[in-house]
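Beneath this line is the structure, given in structure tokens, with notes to follow.
The values are calculated or read from the model by the stated rules, or taken from the named source; none is laboratory data. Keep in mind it's a predicted model, so treat the numbers as computed, not measured. Using ideal geometry, Cβ is built from the backbone for each residue, glycine included, and neighbour counts are taken over all protein chains shown.
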Amino acid sequence: MVTTQQLELLAPLSGVLMPLEQVPDPVFSSRLMGDGLCIDPTSQVLCAPLAGVISNLQHTGHAVSITDASGVQVLLHIGLDTVNLGGQGFTCLVEEGQQVVAGQALIEFDADYVAQHARSLLTLMLVVSGESITDVSGSEVLVEAGQPLLRVGAAAQAAVPQAASQGDTLFSLAIALPNPNGLHARPAAVFAQAAKGFAATIELHKHEQRINAKSLVAIMTLQTSHGDVVQVSATGEDAEQAIRVLSDLLVAGCGEAVTPAAQVATETTYAPAPEPVRVDDTLLRGVCASSGAVFGQVVQISAQTLDYPEAGAGEAFERAQLQRALLEADTALDSLGREFSQGPQGQIFSAHRELLQDPSLLEQAYPLLATGKSAAFSWAAAVEANEKVFRNLGNAFLAERAQDLADVGQRVLKLILRVEDTVQTLPDNAILIAEQLSPSQTAGLDTTKVVGFATVGGGATSHVAILARALGLPAMCGLPVHVLNLASGTQVLLDAEQGELHVRPSEAAVAALTAKR
């Protein structure tokens, strides 16, 4: 959005003013989400820094976005990792879609509770719509709610493609999403890919939220669920055709088998279990990800650590390195998608390819390259920022998609650094134990050696679980972290259906399993 005049932003609360560089969170300190400032609060009411509409209010009450009439969007974020509080300590005084005036109270918060239960109480005010900002607070350190702090200038002209914005904006009819879990990775990837086929500027709307429909990450941040009502808008010469095609795609489920809402709960086979429980030294419990029971020996799988410099060798060189790695990763994912086109592996690799092509990743990586950062550092920072978005959505299903983004990020990072995958020699009847397996690792398992696996992280609806079922491998997730202390070679019986990992099982238990098979 291009503003025609400067806009003044007021302090949203009282406290000690800090630059973003001092925020102990790279997502904010590196300005990946937007430019702005930070306040260590001494008051407990968050107020509007400008007049506008509440365009997004997180259900946990820790963050709110305001969009003014010219399109400037400001994000206010109370504390660090406060999404984990689940709304405790926050009282919302406004609703999404509500018009507010500058200085109006938005959220009350219990500063003592938040400070004790979250990582930090530091509160961010960020301009996330791309405009430049000027600090008008001078040398002041202590600020009072309502005093002028920032002046917002014009956004970069390149942010608005002129050719695509010609003509009237057309809207589809309201569409209730038929997808059981809303627009998660795979249907979102199908929709984003279809949207990219049109020259028109295309947006997806949910209530007062609107996002770039050609961005997979942006679609997923809408946090859609089964039955949510959305609309498609398009501006450009092929807008009418785009509305027709994309509306039909949404109604059909974007390539996903759609299920009536009443059947979703009753047909779920793999439900989340309570907190993992350590029964004793010989029995560990978790969640069934893929049914079956097997006897074998532990093989511990450790994540590959990648080291890279923060400083680059020049923007042009580092950009070329990133582009090379992206092209190589895209070629590899395309090949894998074709190789496994008839199974879920192919769908997952296609979704990974869509993640790789998502514009928001490069939009966050390129500015870091321009500041002298290396390709590896810039790419890793962009991936980390988007992973955090997924994990903080308050939706366990979408949080699992962060694993897919991490997998894609690691693939590109290895290509930037020209690092080969580590190859581990596996014994027969291997039962892999890991903190987490990536979808790429799982799809490439040697099923002549591997008979099952168990992980600390992951979930029963993750792509890793889907792949395990496709490969016919019994698998569990959500085990207690001390499962990582089991020595490789330890004999175990993995009974995924019961959610049990038996350590050094008795001969009778092994015989019973053998007889059952």
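Only one of GLY34, GLY52 is under 25 Å from GLU387 (Cβ atoms), out of contact with any Pro (no Cβ under 9 Å at 6 or more places or on another chain) and either at pLDDT below 95 or not assigned by TED's automatic domain parsing to the domain that holds LEU368 (or both). Can you tell me which?
Details: GLY52 fails: under 25 Å from GLU387 (Cβ atoms).
Sole residue among the options that is under 25 Å from GLU387 (Cβ atoms), out of contact with any Pro (no Cβ under 9 Å at 6 or more places or on another chain) and either at pLDDT below 95 or not assigned by TED's automatic domain parsing to the domain that holds LEU368 (or both): GLY34.
What number of residues within segment 57-73 satisfy the criterion of being aliphatic (A, V, I, L, M) and more than 23 Å from ALA118 (Cα to Cα)? First the steps, then the outcome.
Going through segment 57-73, the residues aliphatic (A, V, I, L, M) turn out to be 57, 63-64, 66, 69, 72.
Then drop every residue that is not more than 23 Å from ALA118 (Cα to Cα), which leaves 66, 69, 72.
Selection size over segment 57-73: 3.
Could you tell me which of the residues LEU369, LEU333 is among the aliphatic types (A, V, I, L, M), outside the structural domain of ARG31 (by TED's automatic domain parsing) and within 18 Å of GLY255 (Cβ to Cβ)?
Working: LEU369 fails: within 18 Å of GLY255 (Cβ to Cβ).
It is LEU333.
Within segment 191-249, restricting attention to residues that are acidic (Asp, Glu) and over 17 Å from ASN179 (Cα atoms), which residue is modelled with the lowest pLDDT? Let's see the steps before the verdict.
So the first thing to find is which residues in segment 191-249 are acidic (Asp, Glu), and the list is 203, 208, 228, 237-238, 240, 248.
If we keep only those that are over 17 Å from ASN179 (Cα atoms) too, we end up with 203, 208, 237-238, 240.
Details: GLU203: 92, GLU208: 72, GLU237: 86, ASP238: 87, GLU240: 89.
By that ranking, first place goes to GLU208.
Buried (at least 18 other Cβ atoms within 10 Å of the Cβ), within 15 Å of PHE390 (Cα to Cα), out of contact with any helix residue (DSSP H, G or I) (no Cβ under 8 Å at 6 or more places or on another chain) and among the aliphatic types (A, V, I, L, M): is that true of LEU222 in this structure?
Values: buried (at least 18 other Cβ atoms within 10 Å of the Cβ): yes; within 15 Å of PHE390 (Cα to Cα): yes; out of contact with any helix residue (DSSP H, G or I) (no Cβ under 8 Å at 6 or more places or on another chain): yes; among the aliphatic types (A, V, I, L, M): yes.
So LEU222 passes the test.
Give me a count of the residues in segment 408-432 that are under 20 Å from LEU336 (Cβ atoms), of a type in the set (Val, Ile, Thr) and without any contact (Cβ under 8 Å) to a residue 12 or more places away in the chain.
1
Check segment 342-354 and report whether any residue there is of a type outside the set (A, V, I, L, M, F, W, C) and exposed (fewer than 15 other Cβ atoms within 10 Å of the Cβ).
Residues of segment 342-354 that are of a type outside the set (A, V, I, L, M, F, W, C), as a first pass: 342-347, 350, 352-354.
After this cut, where a residue has to be exposed (fewer than 15 other Cβ atoms within 10 Å of the Cβ) as well, the list is 342-343.
Checking segment 342-354: at least one residue is of a type outside the set (A, V, I, L, M, F, W, C) and exposed (fewer than 15 other Cβ atoms within 10 Å of the Cβ).
Find the residue count for segment 358-381, including only residues that are among the polar types (S, T, N, Q), in contact (Cβ under 8 Å) with a residue 60 or more places away in the chain and farther than 14 Å from ALA320 by Cα. Don't jump to the end; show me each part of the working.
Of the residues in segment 358-381, the ones among the polar types (S, T, N, Q) are 360, 364, 371, 374, 378.
From what is left, the residues that are in contact (Cβ under 8 Å) with a residue 60 or more places away in the chain are 360, 364, 374, 378.
Retained after the next criterion (residues that are farther than 14 Å from ALA320 by Cα): 360, 364.
Selection size over segment 358-381: 2.
Does LEU126 satisfy the condition of being touching a helix residue (DSSP H, G or I) at 6+ places or on another chain (Cβ under 9 Å), in a strand (DSSP E or B) and in contact (Cβ under 8 Å) with a residue 24 or more places away in the chain?
yes
May I ask you to list the residues in segment 469-514 that are of a type in the set (Gly, Ala, Ser) and either in contact with a Phe, Trp or Tyr (Cβ under 7 Å, 6 or more places away or on another chain) or in the same structural domain as PHE349 (by TED's automatic domain parsing) (or both)?
So the first thing to find is which residues in segment 469-514 are of a type in the set (Gly, Ala, Ser), and the list is 470, 472, 475, 478, 487-489, 496, 499, 506, 508-509, 511-512.
Correct list: ALA475 only.
State all residues of segment 322-373 that are over 23 Å from GLU256 (Cβ atoms), charged (D, E, K, R) and not in a helix (DSSP H, G or I); if no residue qualifies, say none.
Within segment 322-373, LYS373 is the sole residue that qualifies.
Residue check, VAL419 against (1) hydrophobic (A, V, I, L, M, F, W, C); (2) surrounded by fewer than 16 Cβ atoms within 10 Å (Cβ to Cβ); (3) at pLDDT below 85, all met but one. Which one?
The single condition VAL419 does not satisfy is (3).
Here's a check for you: in segment 384-400, which residue that is among the hydrophobic types (A, V, I, L, M, F, W, C) and surrounded by fewer than 23 Cβ atoms within 10 Å (Cβ to Cβ) is modelled with the highest pLDDT?
Per the stated criteria, the residue is ALA385.
Residues of segment 441-450 being modelled with pLDDT under 90 and either at positive phi or not in a loop (DSSP other than H, G, I, E, B) (or both), which ones?
Matches in segment 441-450: GLN441, THR442, ALA443.
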